[in-house]
Amino acid sequence: MSGARTEAAAGTAGALALTGVRKSFGGVEALRGANLTCRRGEIHALIGENGAGKSTLVKVLSGAIQADVGDVELDGRPLRVRSPREAQAAGISTVFQELSLIPDLTVAGNLFYGREPRVRAGRIDYRALRSAAAEALAQLGLGWIDVAKTARELPLSDRQLLEIAKSLLREPAVLVLDEATSALLPEQVDWLFARVRAFAERGGIALFISHRLEEIQHLSHRVTVFRAGVDVGSGPIAEMPEARLVELMLGRRVDRVYPPRLPAPEGREVVCEVVGLSAPPTLRDVSLEVRRGEVLGVGGLQGQGQLPLFLALFGARRHAGQVLLERQALRLRKPADALAAGIALIPEDRTTEGLCLALSIRDNLTLGSLGGISRGGLIRPRRERDLVDSLASGLSINMRHVSQEVLALSGGNQQKVLLGRVLAQKPRLLLMYDATRGVDVGTKAEIYRLMRELCAEGVAILFYSTDVNELANLADRVVVLHDGVVGMHLDGDEITESNILAAAVGGLRKAVS
């Protein structure tokens, strides 16, 4: 199949070519003479660690920023875009990793933003807008999305689908997908891949950015690897095995991405016991145990109750049932109750639910630990410095200075800051909801290592991931939610990708222990 894809790509004419592109921010070079060539009819993957320059290149292409030096050509003609509007007019449409939807605008309004049907006096024809949006979504196979809802009301995966639909409807010459699969479930990824392949077959140029190497190898014709702001390797995907890609990305060999599981001691103590937990309408009568020093994975298709489960355990969702932490019954009416009990959450969306992007790295790291570094309402500088230095070095946060805004960091380093703030609270139960979404393989490996270190210290971890491969390789046990209940419990050799997926669709059943 890879050979056929490569042959099809090689026979097309025209290309998007970037040559010698440089871009600096405050004296720091994000791009250092980077090159990239994507042919028409080709799906070209761009990979690299967070901070390698991929997002900067995407912003140059999309008109969000301008390169300091370098040339961009499309089909042999120079291309200079000074704004996103100019980029769209030139035929470049971008699906950003951090969604660009307007939260309080409807699905229909977001879908046709700037292209709304008008009546006399320039007013928007809202009836025509809703009708056009419903028809467009139906044609894309997304007809179940309610066009009258605001973007804010949609779950993260639906917002991502809406962002993709908005770009496809522009019928661009170049489609840039920046971590577009990071919030999608397997069946939604299949939906996206089918449309990207169809787009390329029509002669489009697809630039696909993902940290999931199995997606890169499954979808792409060719791949280019960035490291430290420059391209360090490029070629047909069939000639780039995963080990080679990782070596190019990191500049070193990585023998093991997933750390080994710890041996399970006899009679491991239960840290958290959940009994008959319900949070209508999606979560009903869930019971489970999280043991000391283990990673309990949570699987299942979207909307089966995973998010309500995590929010209920964090006191952010009204619920019925019982939650016991080290045999003590808890009343979790608000997040402060959970934090006081020793329960911490890594939320689904770090930018809107986890971090204060306009604040500094220092402020974000210490936000949950102010009581320990202050006296009489005043910050004690030495204690603050010691805490920040310990967290920043322990997590290898790549930054210029702790006073730097979190907004300026790469996605992976933002996630490290969030992890640092949560770990500073020394939780007994750590809730991790898709905590590796949108981060590179190197940062993922660091997060995996950190999880095992926390387990060795006795922390209990409840871990949900949309990446089934992560669940299969990280979790000591897995519970799979189906129709809002625990439909399957997997242990030991039963923990495989195929078993998790089969249980997620209700095709695998056994007695739940």
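Throughout, read-outs are computed from the coordinates displayed, never taken from laboratory work. None of these values were measured; they are calculated from a predicted model. Positions of Cβ are backbone-derived with ideal geometry, glycine not excepted, and every protein chain shown enters the neighbour counts.
What is the calculated FRET efficiency for Gln139 to Arg428, with r their C-beta to C-beta distance and R₀ = 51 Å, to the nearest 0.05? The computed FRET efficiency comes out at 0.55. If R0 equals 45 Å, the separation of the Cβ atoms of Ala502 and Ser393 corresponds to a calculated FRET efficiency of about 0.55. Listed by chain and number, the lysines whose C-alpha is less than 16 Å from the C-alpha of Lys416, apart from same-chain residues fewer than 8 away, are Lys426, Lys444.
If you count the DSSP beta bridges with both ends in the chain, what percent of them are antiparallel, to the nearest 5?
Details: 46 of 80 bridges.
Restricted to the chain, the bridges split so that about 60 percent are antiparallel.
The angle between the Cα long axis of helix 411-423 and the longest principal axis of the Cα atoms of the chain comes to about 10 degrees, rounded to the nearest 10. Calculated over region 106-170, the projected area of the Cα convex hull averaged across directions stands at 4.1 nm². In this simple spin-label model, placing a label point 7 Å from the Cα along the Cα-to-Cβ direction at both Thr19 and Glu86 gives a separation of 2.0 nm. Report the Cα centroid-to-centroid distance between region 317-346 and region 66-144 in angstrom, as an integer. One Cα centre to the other: 43 Å. The ranking of Val439, Val232, Val81 by Cβ neighbour count inside 10 Å, starting from the fewest, reads Val232, Val81, Val439. Only helices enter the 222 nm calculation for the chain: every DSSP H run of n ≥ 4 contributes -39,500 (n - 2.57), and dividing by all residues gives -9500 deg cm²/dmol, rounded to 500. Calculation over all alpha carbon pairs of region 203-346 in 10 angstrom steps from 0 returns a P(r) of 9, 27, 19, 20, 20, 4, 0 percent. Applying 1/(1 + (r/R0)^6) with R0 = 25 Å to the Cβ-Cβ distance of Arg380 and Leu359, what FRET efficiency is obtained, to the nearest 0.05? Efficiency for this residue pair is about 0.85. So what's the gap between the Cα centers of region 363-417 and region 243-262, to the nearest angstrom? Region 363-417 and region 243-262 have Cα centres spaced 28 Å from each other.
Summarising the label geometry, the points placed 7 Å from Cα in the beta-carbon direction at Lys334 and Lys149 lie 2.8 nm from one another.
When you filter the trypsin sites (Lys or Arg not before Pro) in region 419-513 for DSSP loop state and at most 11 other Cβ atoms inside 10 Å of their Cβ, you are left with Arg509. Counting only Cα atoms, region 356-507 measures 56, 29, 27 Å along its principal axes, largest extent leading.
As an exercise, take the mean of 1/r over every pair of distinct alpha carbons in the chain, invert it, and state the Kirkwood radius in angstroms.
One decimal place: 24.3 Å for the Kirkwood radius.
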